[in-house]
Amino acid sequence: MQLPANRETAVSTEPVNAGDAKPITVLLADDHQPILDRVAALVSGEFTVVAAVSSSEEAIEATTRLHPHVLVLDVSMPGLNGFEAAIHVRNAGSSAVVIFLTVHDEPEFLQAAWAAGALGYVRKSHLGSDLVPAIRAALEGRRFVSASIQRGDPRPRG
């Protein structure tokens, strides 16, 4: 199911380890509601999800308005793709680190992610094991790629 246009789902869950430190804020963008729900559930225990949007255009607007620390973008969305959105927010001066979610494991997609300024490239089939470590690595300035892509594992069947 896709979110209606211009609808933003705000999830303000304080991270478990917030303490005195400012919470790390995350903005999510995917055109499939079940993926948005799953990603929000995965990261909200450790980070503060400030918005979950269904298009690149909404992600650009929300990033400009909310200034998240992390931007998690689906690669393949209608209209602008995730790569184009990442370039746009970077050119607009955002300092958010970018993590891409994808079903694509072709080398040219990974190269496009790096060219767009991303620090993470997570295969959707490995969200549960890879997304939070990818965010942590990116916040430390390190690149993260799902191991299945590094090994060249075939796409899951079904």
Out of (1) surrounded by fewer than 13 Cβ atoms within 10 Å (Cβ to Cβ); (2) in contact with an Asp or Glu (Cβ under 8 Å, 6 or more places away or on another chain), what's the single condition that is false for residue 108?
(2)
Scan region 44-88 for residues that are closer than 24 Å to residue 111 by Cα, of a type outside the set (A, V, I, L, M, F, W, C) and surrounded by fewer than 24 Cβ atoms within 10 Å (Cβ to Cβ) and report the count.
9
Check 134, 112, 86, 96 and return the single one that is free of Cβ contacts under 8 Å to residues at least 60 places away in the same chain and out of contact with any Gly (no Cβ under 8 Å at 6 or more places or on another chain).
112
Looking at region 99-108, is at least one residue at pLDDT below 95 and part of a helix (DSSP H, G or I)?
yes
Just to be sure I understand, how many residues within region 118-133 are in contact with a strand residue (DSSP E or B) (Cβ under 6 Å, 6 or more places away or on another chain) and either assigned to a loop (DSSP other than H, G, I, E, B) or more than 17 Å from residue 143 (Cβ to Cβ) (or both)?
3
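Table: residues versus (1) touching a residue at least 24 places away in the same chain (Cβ under 8 Å); (2) under 12 Å from residue 72 (Cα atoms); (3) touching a Ser or Thr at 6+ places or on another chain (Cβ under 9 Å); (4) not aliphatic (A, V, I, L, M).
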{"residue": "106", "(1), (2), (3), (4)": "no, no, no, yes"}
{"residue": "122", "(1), (2), (3), (4)": "yes, yes, yes, no"}
{"residue": "125", "(1), (2), (3), (4)": "yes, no, yes, yes"}
{"residue": "129", "(1), (2), (3), (4)": "no, no, yes, yes"}
{"residue": "139", "(1), (2), (3), (4)": "yes, no, no, no"}
{"residue": "143", "(1), (2), (3), (4)": "yes, no, no, yes"}
{"residue": "148", "(1), (2), (3), (4)": "yes, no, yes, yes"}
Quick one: would you say residue 148 is at pLDDT below 95, out of contact with any helix residue (DSSP H, G or I) (no Cβ under 7 Å at 6 or more places or on another chain), surrounded by 13 or more Cβ atoms within 10 Å (Cβ to Cβ) and in a helix (DSSP H, G or I)?
no
Which of the following residues is under 17 Å from residue 25 (Cα atoms) and of a type in the set (Phe, Trp, Tyr): 100, 83?
100
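The values are calculated or read from the model by the stated rules, or taken from the named source; none is laboratory data. Everything numeric here is computed off the predicted structure, so don't read it as measured data. Neighbour counts run over all protein chains shown; Cβ positions are idealised from the backbone, glycine included.
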